[in-house]
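*Asks:* This structure is in structure tokens; I'll ask about it shortly.
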Amino acid sequence: MPTAMPDIITIVVPWFGPDTAGGAETQARQLAAALHALGVPVEVWSTDGRDSFSPPVPHYRTGADVVDGVPVRRFPITPPRPAPHEPYVPPAVQRIGQPADWNSFPDHERRLLASLVSSDALLDAITAERDKRRFLFIPYPFPTTFWGTVLAGERGYLIPCLHDEPYARYTTYRWMFRHTRRVLANSPAERALALRLYNLPPDRVVTAGEGIDLTPRGDGAAFRRRHGLRGAVLRYAGRRDASKNFPMLLMYLREYWARRGTSLTLVLTGRDPVEIPAPLRPIVLDLGDVDIQERHDAYAAADVFIQPSTYESFSIVLMESWLQGAPALVNAHCDVTREAVEASGGGLSFDGFAGFAAALDLLLENRALRRALGARGRAWVLENCRWDDVARRTVAAIFEHEVPTSTTPPSRTLHIP
Amino acid sequence: MTVNSHQPDGAPEIAAILEQLRTAVRAQRATRQRSIDDPLHRALQRSLDDIEITRVVSAHWPLTGRTLPQKAIALINKVVRRYLRWYINPIVEQQNAFNDAAARTLHLLAEAYQELADQVADQQEASAPMQHNETTGADRENDVDDPAVEAANSAQGADEDPPAPPPYDELMAQVRARAATEPPARFIELELHNALIQAQSRQQVSAHWTLTGRTFVEKLVALHNRIVRQYLRWLINPIVEQQNAANQALTGALHRLIRIDAALRADIAALRASRQRMRESRANRHARHHHHRRPVVRS
């Protein structure tokens, strides 16, 4: 396969490194490793910042590095423009001439781009090495992606990690999606959203899917003993902010607890700080940023994994919880996670508090049901989230080969056009 | 109250729903009555009305004069105001957008406060009969992890392969049936969070937006405006900066009030949960007494 592909697949992501957190960043890292394992020439380019949870300052050493066997090149970070974020066109783009539509984009949309982390040096390098590479930009909102696709032209591909959020409707991003050679979606629902929002030809958006590490084995009993947990264990993982509906989860859980009096604990992991009101501390165990084994032990200990977010393109944490056999309760307003639950049969969905309470009742009063749904979820993940399959579909999408039928996932919802 | 969707004829479910509706209507009536009777609430309502009346700042008040010199000055002022509207109006509009968001947050906070007061009153009313039937410490200990519940749960397939559960659609039908009997809940804090985010995103009024044009004439006008704005910044910038400081202080106060509201709601939830556990404990004791051992999750 590599002999027919002289171009280096160059994954461009704002942050990249062993201690970088975030869904898109994790995806970039695991996809790079999977492409490398497949024997495909791959590199990763990023800024020298740490991640979106950290200040926009250098964290990693600038220059060449190797992560998981994959060559990495880090460029000096260009911090966000200070408020009020005057619109900014990077020098590399000024040299080739800014897009004709630039001045027609609304002021606040151009200011948003100026308010996010970028790297002018990285964009210069895209111009310099454009003819030797195929660029895979991830995720969609950042200037490294927006300006990168402008500079890469026909050699630009996009893994957007698109959510149905207000930014997705900005004219800047509509323009970017329409000027990118191909869009690689993480799920069928994300593909449908991209087609719907940007009115793209169907063959311009393919579902390459996403994988997870299938090797971790959690020990739920040990986790419960370690933390002295009794009663029902509920689990949430990820960003603890309004964009993920975390405040809603806390409110729903508080009301459920007040109405039922059930003995329960919500186990949280995640790097960002969270404020739990003192009276809720008996039912919330916040472990903060934990190592991989502890994270998977916590999934394995869970009676129910709850994913309240509607801003998902795949949901790594949902797949990780299924891998450990935890049944899921997802937000019915999120097409991505609801379709995954429908396809796998690995859980239930809720639409408002009444549905949340009813679904929790149904799951918590029946251990056999929980185990069976968790087993279904695990089987689905083992079948649909293999990185080598995702890497093959990614290569096919970039080099526009036919997708081999043997790598097409068997799920009824995953569809490669 | 036990609401169970496994009833064969559905009649108890209908009775339960009707009872819930009656309870909700009674609660609403009581809330309205409490609000009307409360002088503090009436004063708050008047303040909110005042905010509604005054929150819109106008840059276009009437400019008139009686005498000829006054009329001449008014005319000059009108011309100056018209000449500077490209500069002043956007600033005023930004401030109005913030005022609108802040006023909405205050309205919601007032509603949240009233709802909280109602919850406290409900708990006080509920506490009177509870005191007559207070459970013992031993009861509460038994209640934490009911051995009967544990045993029943453990019996449900500890190590054997789980039986095939119903398909997703069937399970969701069960969820919907149960959800239909769940008393309604309003989460006013979610509305508050959204309103606060709106206020925070609008608190910074800017006097320095991009001035540009496409045609030669537009570009010339933009250049002229930039020069005028540069000259007038001694006058306008300090006003905007003072207003921004006030906006920021106001959103800070709103944020803290919302946190206090959340803490109080959590307090009441803990109280309600503890009362519910007591009721569960009594129900379980009663069930054990009659040899009906089954896990009780909801009541």
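The values are calculated or read from the model by the stated rules, or taken from the named source; none is laboratory data. All values derive from a computational prediction rather than experimental measurement. Neighbour counts run over all protein chains shown; Cβ positions are idealised from the backbone, glycine included.
*Asks:* Need at least 2 residues that are without any contact (Cβ under 8 Å) to a residue 60 or more places away in the chain and farther than 14 Å from A:Phe314 by Cβ per element, so show me which strands (runs of 3 or more DSSP E) inside region A:138-210 make the cut, counting only ones lying wholly within it. Give the steps one after another, and end with the answer.
*Replies:* Numbers: elements: A:156-158, A:182-185, A:205-207.
Where strands (runs of 3 or more DSSP E) fall fully within region A:138-210 and carry at least 2 residues being without any contact (Cβ under 8 Å) to a residue 60 or more places away in the chain and farther than 14 Å from A:Phe314 by Cβ, they are A:156-158.
*Asks:* Can you find a residue in region B:74-84 that is surrounded by 14 or more Cβ atoms within 10 Å (Cβ to Cβ), part of a helix (DSSP H, G or I), touching a Lys or Arg at 6+ places or on another chain (Cβ under 6 Å) and modelled with pLDDT of 95 or more?
*Replies:* No; the residues of region B:74-84 include none that is surrounded by 14 or more Cβ atoms within 10 Å (Cβ to Cβ), part of a helix (DSSP H, G or I), touching a Lys or Arg at 6+ places or on another chain (Cβ under 6 Å) and modelled with pLDDT of 95 or more.
*Asks:* Would you mention how many residues in region A:34-66 are of a type outside the set (D, E, K, R) and surrounded by 18 or more Cβ atoms within 10 Å (Cβ to Cβ)? Full working, then the answer.
*Replies:* If we filter region A:34-66 for residues that are of a type outside the set (D, E, K, R), which is where we start, we get A:34-42, A:44-47, A:49, A:52-60, A:62-64, A:66.
With surrounded by 18 or more Cβ atoms within 10 Å (Cβ to Cβ) added as a condition, the list becomes A:34-36, A:40, A:42, A:44-47, A:49, A:52, A:56, A:59-60.
Final tally of qualifying residues: 14.
*Asks:* So which residues in region A:228-260 are in contact (Cβ under 8 Å) with a residue 60 or more places away in the chain and under 14 Å from A:Ala298 (Cα atoms)?
*Replies:* Correct list: A:Leu229, A:Ala232, A:Val233, A:Leu234, A:Arg235, A:Tyr236, A:Ala237, A:Gly238.
Matching residues to (1) surrounded by 17 or more Cβ atoms within 10 Å (Cβ to Cβ); (2) at pLDDT below 50; (3) farther than 20 Å from B:Ala283 by Cβ:
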{"site": "B:Asp118", "(1), (2), (3)": "no, no, yes"}
{"site": "B:Asp139", "(1), (2), (3)": "no, yes, no"}
{"site": "B:Asp143", "(1), (2), (3)": "yes, yes, no"}
{"site": "B:Asp146", "(1), (2), (3)": "yes, yes, no"}
{"site": "B:Ala152", "(1), (2), (3)": "no, yes, no"}
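*Asks:* Output the number of residues of region A:261-292 satisfying the condition of being crowded, with 19+ Cβ neighbours inside 10 Å, touching a residue at least 12 places away in the same chain (Cβ under 8 Å) and within 14 Å of chain B (Cβ to nearest Cβ).
*Replies:* 8
*Asks:* Of the conditions (1) more than 10 Å from chain A (Cβ to nearest Cβ); (2) more than 30 Å from A:Met251 (Cβ to Cβ); (3) touching a residue at least 12 places away in the same chain (Cβ under 8 Å), B:Trp234 clears all except one; give me its number.
*Replies:* In the conditions (1) more than 10 Å from chain A (Cβ to nearest Cβ); (2) more than 30 Å from A:Met251 (Cβ to Cβ); (3) touching a residue at least 12 places away in the same chain (Cβ under 8 Å), B:Trp234 misses (3) alone.
*Asks:* Moving on. Counting only residues that are closer than 23 Å to A:Thr149 by Cβ and in contact with a Ser or Thr (Cβ under 8 Å, 6 or more places away or on another chain), give me the strands (runs of 3 or more DSSP E) lying completely in region A:1-81 with at least 1 of them.
*Replies:* A:8-12, A:42-47, A:70-75
*Asks:* What residue, among those in region A:250-260 that are more than 11 Å from A:Phe353 (Cβ to Cβ) and touching a strand residue (DSSP E or B) at 6+ places or on another chain (Cβ under 9 Å), is farthest from the other protein chains (Cβ to nearest Cβ)?
*Replies:* So in region A:250-260, the residues more than 11 Å from A:Phe353 (Cβ to Cβ) come out as A:250, A:257-258, A:260.
Still in the list and also touching a strand residue (DSSP E or B) at 6+ places or on another chain (Cβ under 9 Å): A:250, A:257.
Details: A:Leu250: 9, A:Trp257: 5 Å.
Only one residue tops the list, namely A:Leu250.
*Asks:* Of all residues in region A:351-360 being in contact (Cβ under 8 Å) with a residue 24 or more places away in the chain and either facing chain B (nearest Cβ under 7 Å) or of a type in the set (Phe, Trp, Tyr) (or both), which is nearest to B:Asp169 (Cα to Cα)?
*Replies:* Filtering region A:351-360 down to residues in contact (Cβ under 8 Å) with a residue 24 or more places away in the chain leaves A:353, A:356-357, A:359-360.
Now drop any that are not either facing chain B (nearest Cβ under 7 Å) or of a type in the set (Phe, Trp, Tyr) (or both), which leaves A:353, A:356-357, A:359.
Details: A:Phe353: 19, A:Phe356: 16, A:Ala357: 18, A:Ala359: 13 Å.
Among residues in region A:351-360 that are in contact (Cβ under 8 Å) with a residue 24 or more places away in the chain and either facing chain B (nearest Cβ under 7 Å) or of a type in the set (Phe, Trp, Tyr) (or both), the one nearest to B:Asp169 (Cα to Cα) is A:Ala359.
*Asks:* So if I check each of A:Asp303, A:Asp361, A:Asp272, A:Asp351, which one is more than 29 Å from B:Glu280 (Cβ to Cβ) and either not small (Gly, Ala, Ser) or not assigned by TED's automatic domain parsing to the domain that holds A:Ile159 (or both)?
*Replies:* Result: A:Asp272 is the single residue among A:Asp303, A:Asp361, A:Asp272, A:Asp351 that is more than 29 Å from B:Glu280 (Cβ to Cβ) and either not small (Gly, Ala, Ser) or not assigned by TED's automatic domain parsing to the domain that holds A:Ile159 (or both).
*Asks:* Please work out which residue is farthest from the other protein chains (Cβ to nearest Cβ), limiting yourself to region A:73-103 and to residues that are in contact with a helix residue (DSSP H, G or I) (Cβ under 8 Å, 6 or more places away or on another chain) and basic (Lys, Arg).
*Replies:* My answer is A:Arg73.
*Asks:* With respect to A:Thr127, determine if the residue is within 28 Å of the chain's Cα centre (by Cα) and in contact (Cβ under 8 Å) with a residue 60 or more places away in the chain.
*Replies:* Numbers: within 28 Å of the chain's Cα centre (by Cα): yes; in contact (Cβ under 8 Å) with a residue 60 or more places away in the chain: no.
In short, no.
*Asks:* Looking at this structure, is A:Ala372 of a type in the set (A, V, I, L, M), facing chain B (nearest Cβ under 7 Å), out of contact with any Cys (no Cβ under 9 Å at 6 or more places or on another chain) and closer than 18 Å to A:Leu382 by Cα?
*Replies:* Details: of a type in the set (A, V, I, L, M): yes; facing chain B (nearest Cβ under 7 Å): yes; out of contact with any Cys (no Cβ under 9 Å at 6 or more places or on another chain): yes; closer than 18 Å to A:Leu382 by Cα: yes.
Spelling it out, A:Ala372 is indeed of a type in the set (A, V, I, L, M), facing chain B (nearest Cβ under 7 Å), out of contact with any Cys (no Cβ under 9 Å at 6 or more places or on another chain) and closer than 18 Å to A:Leu382 by Cα.
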